[in-house]
Amino acid sequence: MERRAFLSAGGVSVLAFAAGCSSIGGDGGPDGSVAVVEEYYRRASGSEDSEAFADDVAALAHGASPLSRLAEDVPMAFDSTVRQELADATVAAEDVSADRIRAISGFLAASLDEGEVESIAAENAVVSAVVADDGAEDGGFEVRWLVATDDGEWRLVWPDEPEESAAAALATQNFSSRSP
């Protein structure tokens, strides 16, 4: 199957899952990694529709990320994202391995060559985003975003699977922030 067709077909289902179930800080610290995720949801909630938002995705995506190609080929994959708002974002992990990057999703792994994986593995973070969404069962959910630097700027690579409801994620964070 051609790469473009694969991106179009696979991207719709993967991004629909991540989005409905998905100046940027240029410093090398965790604040920059969180800032790119915050900017993604700020632009999404401010967009009129998925096509308008898809135009913004390329500016936020890492050069190796399939997000830009997906936004260009299948902007409707972002339909549910435009009604979402970010409730909270924190760094969950930093400098994850190339093996972990490949394990995020089969679609992402198939979209990247070895050089792109190594580029992403050089400096990256996983940002936990608690997303408020009226269409979600618990009113929201968690999405873990893989982000990495690209020419010194933090950029989005790909969303990981949500691990828990937004309510549970906020409760966990609030509890851990009160712990000694």
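Residue-level analysis places D113 among those that are modelled with pLDDT of 95 or more, acidic (D, E) and either over 19 Å from R43 (Cβ atoms) or surrounded by 17 or more Cβ atoms within 10 Å (Cβ to Cβ) (or both). Kindly indicate whether any position in region 75-89 is assigned to a strand (DSSP E or B), farther than 17 Å from V157 by Cα and under 13 Å from the mean Cα position of the chain (by Cα). Checked region 75-89: at least one residue is assigned to a strand (DSSP E or B), farther than 17 Å from V157 by Cα and under 13 Å from the mean Cα position of the chain (by Cα).
Each row is one residue, and each column tells you yes or no for (1) modelled with pLDDT of 90 or more; (2) open to solvent by less than 50 Å² (accessible area, probe 1.4 Å); (3) closer than 20 Å to L70 by Cβ; (4) in a strand (DSSP E or B).
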site	(1), (2), (3), (4)
A109	yes, yes, yes, no
A125	yes, yes, no, yes
V130	yes, yes, no, yes
E142	yes, yes, no, yes
L146	yes, yes, yes, yes
V157	yes, yes, yes, yes
S176	no, no, no, no
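Meeting the requirement of 2 or more residues that are open to solvent by 30 Å² or more (accessible area, probe 1.4 Å), farther than 22 Å from V130 by Cβ and at pLDDT below 75, the helices (runs of 4 or more DSSP H) wholly within region 1-71 are 3-20.
The values are calculated or read from the model by the stated rules, or taken from the named source; none is laboratory data. Computed from a predicted structure; not experimentally measured. Don't worry about glycine lacking a Cβ; one is built from the backbone with ideal geometry, like all the others, and counts go over all protein chains shown. Surface accessibility is based on the protein's heavy atoms, side chains included, excluding ligands, DNA and RNA. Shrake-Rupley method; radii C 1.70, N 1.55, O 1.52, S 1.80 Å.
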